[in-house]
Amino acid sequence: MKLQCDVEVVNRMLPTFGMKSRGKGTRAVLSIGKHLDKTTQRSNIYLMICTAKDRAGSKYKLKGNIEKFFTWFVEEGKATVRLKEPAVDICLSKADSNSLKNFLSAARLADTGSDTSSLPLSTLTPVRARDVEQPKKKLTIVSKKDYPLTSNFPHSLEQLQVSYCKLSRVDMRMLSLKALRKLDLSNNHIKKLPATIGDLGCLSELILHNNHLEAFSEALCLSTLQRTLQHLDLSQNRLQKLPAQFCQLRELVNLKLDENALLCLPFHIGRLSKLRFLSAAHNQLAVLPGDFRKLSLENLDLFGNPFIQPNPLDHKMQLTFPLPLQELASRAVANLRIPYGPHLIPAHLCRDLEIAKTCDCGRICISFYIKTAVSMNLHQVSHTVVLVDDMGGTDAPVEQHFCSLSCYSEFLDNSLQRGTR
């Protein structure tokens, strides 16, 4: 039975002499096995701790020698074993939680002197230097020949880059790296992302530049990435649209969407209140969503999109008279901010309300409206703007919705008055 983790052996007598422990663990390998006691000439079960400075190891007798186990934080890979003789506390941290539980169970059995024949005992021999090295935090693989086929990735990794390896899918071994903060899978052939990427609870940076992605799933948008993801690079893929739920990734600060085939940006992109850097150059964007006005950016790049020339007289009318009862009821729910959910109304109505439009007058419309496009100077939403076209322009068309004919007529009158000044 072996365990790799950080260990600090604290002498409980130190405070008596006015001294404190270092408070910091050292990488170690712990083993439980039999050792011949030279004084009694009997084999007893010992715990051996080997570190980089003491690869031969220090041994501690276990049978009847454990005073107490402290396991409040075992799920976080932490525990303490208090020995009677010598009077030390063996503090364990940065361990795999399941391996730690198994190790503590074996230590308990050794302490009670129960049937030790079932214990998976190890030979108490010095360890190799590589076994007690500090855990690896960063790994970069940029060649297919260096890609590990038979060994696992170090579980301690916080940054992993695997590029130019012609991966067609995400290796599931990567998804067990619970400490991972940055995952760079750029320059591969990945077509689809597994929803389990969302289980990487520390992931703040995801780089998928230059792959073959055709979609970014709703499941990922609704995963723990909502609380952690700050940097997302989806540039040079094959995306045509992003799901409405994409705007649930509200911690995003930097979003790269360049060189895809995007026909539109997410309807509620304005909900990304922390977004500061947005690039969506060289896509197929004809118009920006109305919610785009709510952004507050430091840098914006929309160069090379086929934006339309906005004309307020060009419009799409999707109104009937009178309005259907469902539309009236949905508008009332939205305008009066009445709580709703799939436990109260059908799920399809919830989806409709999620993409409600705001009229120029401030009221809400759902499925029946008049839509046109108006020109907006992008400096209204960003401090720095990359030119939209080769003509040096920084204006782009933004969708505008109207809940009624009267609102649209008033808008046209105001536009005409501005045009004649």
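The values are calculated or read from the model by the stated rules, or taken from the named source; none is laboratory data. Fair warning: this is a prediction, and the values are worked out from it, not measured in the lab. Virtual Cβ from ideal backbone geometry, glycine too; neighbours counted across all protein chains shown. Note: areas computed on protein heavy atoms with side chains; ligands, DNA, RNA excluded. Shrake-Rupley method; radii C 1.70, N 1.55, O 1.52, S 1.80 Å.
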Original post:
Quick one: what does P(r) look like for region 315-415 with 10 Å bins over all Cα pairs, in whole %?
Top reply: 13, 37, 27, 18, 5, 0
Original post:
Round to a whole number: what % of the accessible area of the chain belongs to carbon and sulfur, probe 1.4 Å?
Top reply: 52
Original post:
Residue-wise, which Karplus ³J(HN,Hα) couplings in Hz belong to region 70-83, taking 6.51 cos²θ - 1.76 cosθ + 1.60, θ = phi - 60°, and x for glycine or proline?
Top reply: 10, 10, 4, 10, 5, 5, 9, x, 10, 6, 9, 10, 9, 9
**OP:** Quote the accessible area belonging to K191 in square angstrom, nearest 10, computed with a 1.4 Å probe and with ligands, DNA and RNA left uncounted.
**Re:** 130
Subject >> Using θ = phi - 60° and Karplus 6.51 cos²θ - 1.76 cosθ + 1.60, couplings along region 395-411 (whole Hz; Gly, Pro as x) >> reply: 9, 8, x, 10, 5, 9, 10, 10, 7, 7, 5, 5, 5, 5, 4, 5, 4
**OP:** Would you mind checking the pairs K24/K178; K137/K256; K24/K53 and listing those with alpha carbons more than 18 angstrom apart?
**Re:** K24/K178; K137/K256
Original post:
Hey, what do the phi angles of region 296-306 turn into as Karplus ³J(HN,Hα) couplings, whole Hz, using 6.51/-1.76/1.60 and θ = phi - 60°, x for Gly and Pro?
Top reply: 9, 10, 9, 9, 9, 10, 10, 4, x, 9, x
Original post:
Whole number please: convex hull volume per residue of the Cα set in the chain, in Å³?
Top reply: 222
Subject >> Angstrom value of the Kirkwood radius, inverse mean 1/r, which spans all Cα pairs in region 264-365 >> reply: 16.2
Original post:
Longest span of the chain, sites excluded, free of GluC sites (Glu not before Pro) in DSSP loop with at most 14 other C-beta atoms within 10 Å?
Top reply: 215-421
Subject >> Contour minus Cα-Cα distance for E214 and R227 (0.36 nm per residue) >> reply: 2.3 nm
Original post:
Can you give the direction-averaged projected area of the convex hull of the alpha-carbon atoms in region 172-306, in nm²?
Top reply: 7.1
Original post:
Points 7 angstrom from Cα along the Cβ direction at A56 and Q417: gap in nanometres?
Top reply: 9.4
**OP:** Order T71, T80, most accessible first, counting only protein heavy atoms with a 1.4 angstrom probe.
**Re:** T71, T80
Original post:
When the chain is fully extended, how far beyond the present Cα-Cα distance does K144 get from M317, taking 0.36 nm per residue of separation?
Top reply: 56.8 nm
Original post:
With the other protein chains left in place, how much accessible area per residue, in square angstrom, belongs to the chain at a 1.4 angstrom probe?
Top reply: 54
Original post:
Taking region 299-373, which trypsin sites (Lys or Arg not before Pro) meet the DSSP loop condition and have no more than 10 other C-beta atoms within 10 Å?
Top reply: R337
Subject >> Estimated FRET transfer efficiency when R0 is 41 angstrom, pair A286-V253 (beta carbons, to 0.05) >> reply: 0.95
**OP:** Could you size up the charge dipole of the chain around its Cα centre, putting +1 on the beta carbon of Lys and Arg and -1 on that of Asp and Glu, and report it in debye to the nearest 20?
**Re:** 2180
Original post:
For the pair K2 and S43, what calculated FRET efficiency results from E = 1/(1 + (r/R0)^6), where r is the Cβ-Cβ distance and R0 = 30 Å, to the nearest 0.05?
Top reply: 0.95
**OP:** Starting from the residue with the highest accessible area, list T112, T394 in decreasing order, probe 1.4 Å.
**Re:** T112, T394
**OP:** Pairs of Cα atoms under 8 Å, at least six residues apart: use those to get the relative contact order of the chain, whole percent.
**Re:** 8
Original post:
In percent, what relative contact order does region 138-284 have, based on Cα pairs under 8 Å that are 6 or more apart in sequence?
Top reply: 16
